[in-house]
1. What is the angle, in °, between the Cα long axis of helix 312-321 and the longest principal axis of the Cα atoms in the chain? Nearest 10 is fine, range 0 to 90.
2. Which whole-Hz couplings ³J(HN,Hα) result when phi for each residue of the stretch 51-58 is put into the Karplus expression 6.51 cos²θ - 1.76 cosθ + 1.60, θ = phi - 60°, listed in order with x for Gly and Pro?
3. Write out the trypsin sites (Lys or Arg not before Pro) in the stretch 168-225 meeting two conditions: DSSP loop, and at most 12 other Cβ atoms within 10 Å of their Cβ.
4. For the stretch 383-454, I need the span (max minus min coordinate) of the C-alpha atoms along each principal axis, in Å, sorted largest to smallest.
5. Using only alpha carbon positions, build the gyration tensor of the chain, then give the equivalent ellipsoid semi-axes as the square roots of 5 times its eigenvalues, largest first, whole angstrom.
6. What ranking do 9-16, 249-256, 229-236 get when scored by the average of other Cβ atoms within 10 Å per residue, highest first?
7. Using modelled amide H (1.01 Å from N, peptide plane; none on Pro or chain starts), what sits under 5 Å from the amide H of Leu198, excluding residues fewer than 5 places away?
8. Can you pull out the trypsin sites (Lys or Arg not before Pro) in the stretch 399-448 that DSSP calls coil and that have at most 16 other Cβ atoms within 10 Å?
Amino acid sequence: MPKQSPTDRVRNFDEVALGYPEDLAQEEASRCLGCKKPFCVDGCPVGIDIPAFVDCIVKGDFAGGIRKIKETNALPAVCGRVCPQEEQCELKCVLGKKGKPLAIGRLERFLADWEAASGAIETPEMASPTGKKVAIVGAGPAGITVSNDLALLGHKVVIFEALHDAGGVLTYGIPEFRLPKAIVRREVEYVKSLGVELKTDFIVGKTKTIDRLFNDFDAIFVGAGAGLPWFLEIPGENLNGVYSANEYLTRCNLMKGFRFPEYDTPIKRPSNVVVFGGGNVAMDSARTALRLGADEVHIVYRRSRQELPARLEEVENAEEEGVIFDFLTLPTKLVGNEHGWLKEVECLRMELGEPDSSGRRRPVPIEGSEFKMKADAAVCSIGNSPNPLIPMSTPGLDVGRKGNIEADEKTGKTSRDAIWAGGDVVTGAATVISAMGAARTAAQDMHKFLMEQC
Ligand code: SF4
């Protein structure tokens with residue numbers, strides 16, 4: 001797929017990948033074998049009929065292709081961009097046994113973008129109104145998916161979002177250069193076109209508790225995400241210039257700090273940035289720092305390159321743009337200057353020892369390997385857990401060891417009557433499509449409850 005060159009893109013926030021033109025999309029789609037037993041569909045958490053939409057592309061029936069996708073996926077332009085297809089549908093594609101799997105994600109994105117460009121967004125057939133009302137907590141991928149499915153089934157849906165804009169992690173977490181916010185807005189508008197109401201700046205658990213929402217609703221879905229950042233718990237994390245990835249990316253993406261002073265939110269424009277972690281969020285933070293004008297950006301990761309949890313595509317993009325990777329490196333202390341601003345990071349080199357409980361070889365510090373890195377900003381990107389506000393304000397809601405809401409895997413049902421949950425608030429930070437898959441499961445069970453018991 002065509003991309004902006006690294007030298008151009010590193011100084012702008014425009015989307016890196018430019019998408020397939022029509023001829024390339026059809027050429028790629030024509031590689032599909034149209035398998036009788038399509039393993040690719042088994043790999044898709046929302047069960048998109050992949051051979052059917054790919055066949056539509058081959059035949060030039062792009063409207064038919066996007067219609068097919070939307071039967072099961074309300075966010076095709078988002079999923080086509082940020083889903084880890086290489087671990088899901090494309091991993092299962094039979095073409096991958098002897099060569100390259102079909103580029104399913106890129107074809108999905110092509111159709112979604114074609115529909116947007118055509119200006120003719122279709123609304124699927126909707127069931128007649130049931131008279132039942134459902135509240136959705138959180139306008140992220142899980143909340144939007146449940147809303148879409150329940151609205152199509154005829155229920156009245158209201159989404160309550162804590163921030164001033166919808167999209168959840170798609171809006172505050174993933175940068176503009178990987179997922180333009182206009183695309184998120186477009187997909188949110190589509191769900192609103194189904195009659196879903198969106199109330200922003202509404203913090204469930206503070207503005208109103210879940211129990212008070214039951215005065216007006218028959219069932220509630222909690223898709224509040226995982227917005228509570230983890231820190232390294234080493235000395236110096238309170239210094240100025242040290243951010244959680246959540247704060248760093250929210251300032252830039254949601255609050256548009258990269259366009260300060262046009263927008264009110266400032267964001268530090270440092271020279272030397274160190275990002276701790278090895279996932280997609282770490283790659284996003286490092287690449288954001290480069291675009292904010294940093295001279296040198298390091299990713300410090302305590303394991304080796306093979307264990308990096310980020311998508312390979314994102315690691316390669318970061319490398320092409322000049323991010324420096326320090327593998328087998330452990331930060332031990334953040335050191336500040338006399339004014340309380342970060343000036344350096346103390347680290348230790350590691351080596352791989354015996355496998356740990358995850359099956360990966362455990363990194364072990366090398367004695368006497370201490371060294372310092374110059375840094376005027378650091379971004380901690382080692383993970384998140386769910387915000388505790390809803391469990392704390394909802395008696396009877398069972399919560400797991402890491403603060404996640406416990407929900408039945410097969411139904412999304414929680415320990416409380418008429419409350420379902422899904423996505424990162426249940427699993428901890430995971431992928432957009434797995435949140436959507438859990439949301440679809442919950443929507444089906446909620447529909448059954450609304451029609452049979454409520
Ligand atoms: S497994 Fe691959 S080749 Fe077969 S239908 Fe799915 S995408 Fe096409």
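1. Between the helix axis and the principal axis of the chain, the angle is about 50 degrees.
2. Here the 3J(HN,Hα) series is x, 5, 6, 5, 4, 4, 5, 4 Hz.
3. Lys206
4. 39, 30, 15
5. Computed over the chain, the values are 36, 28, 21 Å.
6. Top to bottom by mean Cβ count within 10 Å: 249-256, 9-16, 229-236.
7. The list, which skips near neighbours in sequence, is Ile159.
8. Details: sites: Arg401, Lys402, Lys410, Lys413, Arg416, Arg440, Lys448; in loops: Arg401, Lys402, Lys410, Arg416.
Within the stretch 399-448, the qualifying trypsin sites (Lys or Arg not before Pro) (loop, at most 16 other Cβ atoms within 10 Å) are Arg401, Lys402, Lys410.
The values are calculated or read from the model by the stated rules, or taken from the named source; none is laboratory data. Owing to the predicted nature of the structure, the values given are computational and were not obtained by experimental measurement. Backbone-built Cβ (ideal geometry, glycine too); neighbour counts: all protein chains shown. Please note that ligands, DNA and RNA were not included when accessible areas were found on the heavy atoms of the full protein model with its side chains. Shrake-Rupley method; radii C 1.70, N 1.55, O 1.52, S 1.80 Å.
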